[in-house]
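What follows is a single structure, written as structure tokens, with notes after it.
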Amino acid sequence: MLPFAALCVARNSGVGEIPRTTPGAAPLRRRFASAAGCDIQRGVTLRHFLIFVLICVIWGFSNVLSKIVIDHWGIPPLFFAALRFSLVALVTLPWLLPMPRPHLRVAAIGLLLGAGNFALLFMGLQSASPSSVAIVIQIGVPFTTLLSILILGERIRWRRALGIVLTLLGVLIVLWSPQGLELSAGLWFVVGAALSGSLGAVLMKQTENVAPLRFQAWVGLVSFLPLAGASILFEHDQWALAADAGWRLAAALLFSAIVVSVVAHSAYFWMIGRYEANLVAPLTLLTPLSTIGFGVLFTGDHIDIRMVAGALLAFIGVLIVALRTKKPEPIP
């Protein structure tokens, strides 16, 4: 579950985007968009809207499928993540070279958005429900904004501050019970996954003109090795459990690596290169909504009024943070 709304926030706040007021911004913005092989547009066509809905549904189902693989089938989370990224690296190998610049930053982004984000997310899914994960992971949006302030020295207006507060309140409502605040170990891992993904989104500021498939190739490569090493050190009986799962695990891996990571993620990066981020950001909320729906259907997630209220508040906060607060200037 990459922080896609956080990536939109990053673009809106200047992370990964060239401000229009910057001298020579128009040629640079066209070069940034050309990495995805497209021109920036303002209105989403019906065909692209339906494609985006399909992408979000794929992501939502993938989150629930990961829960089933890790919790129900007993596949160790680091092992599953390592297998997934090894397949991603293999499929995208033709796009690996040349390595995007700056090299160290690209490697760091790959580790944060790949190994760090998915390892912590999968560890969280061992004990947390997909529905609660889908809501708590929204904390990545205010994380991205706050990290942009701390690392890049950016400023925010009162509306984004309000959005951050509403998102945090929504997450707290989901975690609250009559006994007080309950943050399970699994959800702590999810918070860590959100932080890792948000930091990766902020660091993407200086990686313009990276083609989506080349980016996925390096995420897969730099993520596989540490995940495989961590699995060898901290997990056991991986291959025996994988053999027991058999063709089901193979099918889940093919879906997660090829359909989700290579196809859906690359299509998403193409979308945010083609359209303004404030058009794409609201649509990303279809992912947690579809995750909750699939969680209720396939893993028996329990949804109550408290979770619904917290989710609505968090989603409103995400929209306030992600959307522009002023009319953008025309793109030359």
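Read-outs: derived from the displayed coordinates by stated rules, not from any lab. It should be emphasised that the depicted structure is a prediction, and the values quoted were computed from it without experimental measurement. Cβ: placed from backbone, ideal geometry, glycine included. Neighbour counts: every protein chain shown.
With each label modelled as a point 7 angstrom along the Cα→C-beta vector, the LEU172-ILE305 pair spans 2.1 nm.
Sorting MET123, MET99 by the number of Cβ atoms found within 10 Å of their own Cβ, with the fewest placed first, yields MET99, MET123. Each of THR145, THR45 was scored by other Cβ atoms within 10 Å of its Cβ. Listed from fewest to most, they are THR45, THR145.
Sorting SER261, SER223, SER266, SER127 by the number of Cβ atoms found within 10 Å of their own Cβ, with the fewest placed first, yields SER127, SER266, SER261, SER223.
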